[in-house]
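Everything below concerns the one structure shown next.
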Amino acid sequence: MLYLFQSLDRFLVDNQLLWRFEPFFASRTNTLPWLTDNAPLCAWLESLSPEQIEYFKLDNEALVEAICDYLPHIKQITTWTNLPTLKTHSLRLPRGVDSGVPGRKLQQIVSMGEAALNSHHGSEWLEWCSGKGFLGRILASQSGQRVTSFEYQQALCESGQREADKQGLMMNFVQGDAFSPDSINAFNTNQHAVALHACGDLHVSLINHGVEKQLPALTFSPCCYHLIRTETYQPLSGAAKQSTLNLSKSELRIPLQETVTGGERVKRHRAEEMTFRLGFDLLLREATGIEQYQPIPSIKKSQLSDGFEAFCLWASTQKAIELPEVDYAQYEEKGRQRYWQMERMSLVQQPFRRALELWLVLDKALYLEQCGYKVKLSQFCSRETTPRNILVHAIKD
């Protein structure tokens, strides 16, 4: 595991120019950033139609095969990031246990629940950042053991407790702040701790408390690596502390750019919204002289149907900016061209997403090994179910 981390670390450091940029901002220029160093790569990227770009965005393997003609070393990423997929047999759930869980989310919960149950250590469970306790319901119903469900939102605790009591499950919801020192009181030395998609520093706090209390096992899937309380990533393991990467919050978002869910309507809304935002950014720079990027709040998808001009007027109102008379159709077209330039650039960054994510996960795994745990990394479900499918399973030696 250490050798894999060090290999990934060297690779990411050596190839920073290929992944360490923000396509949204880089797309302001019509010139691809690798033109001097790799003109054939840029020529290939420029030759791609929108349909080809969309195809490669959805098929990373095909992209790696194609881009290897210009970046041969990219092929190595596939070898490094090919984690074993856990074999699951679909648990038989008692009636009502899956109440209120959406379909794709249920697949994730059942797969992770089965993974934890198949390698259970301890006589009870701790469900970290539990929400309404969907995962805890599965663990309680299948194992017959007590589950402590720790959750920040009081309303979710109350809802989850009502449902657990209704089903006669041994679950106790505890409301608390995962970042408070008092949260360690939810831990005890009999627990196997679990967390499905605990964001950023939330899974770090789970690791720290779990190690301090010497829990017999931890099983978790990390998510939203950028949700940290510091400006840059704080490594845990000795190996990661020696790295020169020093990742910013925006760079921690890179692994999360992959999208596999949603149909044509979702894709169309994203393309339209990004076209509008990119076009508005150009409008501000060229027509008002505002060089600094103006972050625009989230917009209701229904508002997009009002068109680009309405979007610009809404956005300028949000930012208290007075717009001059402009040709909105021209800037919408510029935004559309810039959107495809952004998507074209992102294809070079795309193969590095999983490599960077694995670097972050390996940091946690190596830290747990330093603290006396045996650690296994795997994929607990398919990429189509969720791209955030890496599972860290740590057992106390």
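Nothing in this text is a laboratory measurement; each read-out follows from the coordinates by a stated rule. Bear in mind the structure is a predicted one, so any value in this text is a computation, not a measurement. Counting neighbours? That spans all protein chains shown, and the Cβs are built from the backbone with ideal geometry, glycine included.
General observations
- Applying a length cut-off of 24 Å (Cα extent along the axis) and a mean Kyte-Doolittle floor of 0.0 to the DSSP H helices of the chain leaves 352-370.
- Size of segment 261-395 from its Cα atoms: along the principal axes, largest to smallest, the extents are 65, 32, 26 Å.
- Amide N of segment 265-295 lying under 17 Å from the label point, which is placed 7 angstrom from the Cα of ARG253 along Cα→Cβ: 270-282, 292-295
- Within the chain, antiparallel bridges make up roughly 35 percent of the DSSP beta bridges whose residues both belong there.
- Taking the C-alpha atoms of segment 112-239, convex hull volume expressed per residue in Å³: 104 Å³
- Exposure proxy shown here: for LYS132, LYS301, the number of other Cβ atoms within 10 Å sets the order, fewest to most, as LYS301, LYS132.
- Looking at segment 176-223, the chymotrypsin sites (Phe, Trp or Tyr not before Pro) that sit in a DSSP loop and have at most 16 other Cβ atoms within 10 Å of their own Cβ are PHE179.
- Expected-Rg normalisation [2.2 N^0.38 Å, Cα atoms] applied to segment 18-76: 1.13
- Cross-link partners of LYS319 among lysines (Cα-Cα below 18 Å; sequence separation of 8 or more within a chain): LYS300
- Near ASN246, once Lys and Arg are set to +1 and Asp and Glu to -1 for all other residues with Cβ below 14 Å from its Cβ, the sum equals -1.
- One decimal place: the segment SER305-GLN52 gains 88.5 nm when fully extended, by the rule 0.36 nm per residue minus the C-alpha distance.
- Spatially proximal lysines relative to LYS364 (Cα-Cα < 16 Å; intrachain offsets below 8 disregarded): LYS241, LYS374, LYS376, LYS396
- Projecting label points 7 angstrom from Cα along Cα→Cβ for TRP44 and GLU231 puts them 3.8 nm apart.
- Computing FRET efficiency as 1/(1 + (r/R0)^6) for SER298 and THR31, where r is the C-beta to C-beta distance and R0 is 30 Å, gives about 0.45.
- At 0.890 mPa s and 25 °C, Stokes diffusion of the chain via Kirkwood alpha-carbon radius, µm² per second: 106 µm²/s
- Rg/Rh for segment 252-318 (Cα atoms only, Rh after Kirkwood) is 1.01.
- A run of the chain free of exposed loop cleavage sites, with GluC sites (Glu not before Pro) counted only in DSSP states other than H, G, I, E and B and at most 12 other beta carbons within 10 Å, reaches its longest extent at 1-230.
- Burial ordering of VAL194, VAL375, VAL204, fewest other beta-carbon atoms within 10 Å first: VAL375, VAL204, VAL194
- Neighbour counting of Cβ atoms within 10 Å sorts the residues MET171, MET345, fewest neighbours leading, into MET345, MET171.
- If you take the alpha carbon atoms of segment 1-151 and fit the smallest convex hull around them, that volume is 193 Å³ per residue.
- Surrounding net charge for LYS75, when Lys and Arg each add one and Asp and Glu each subtract one, Cβ distance under 13 Å: -3
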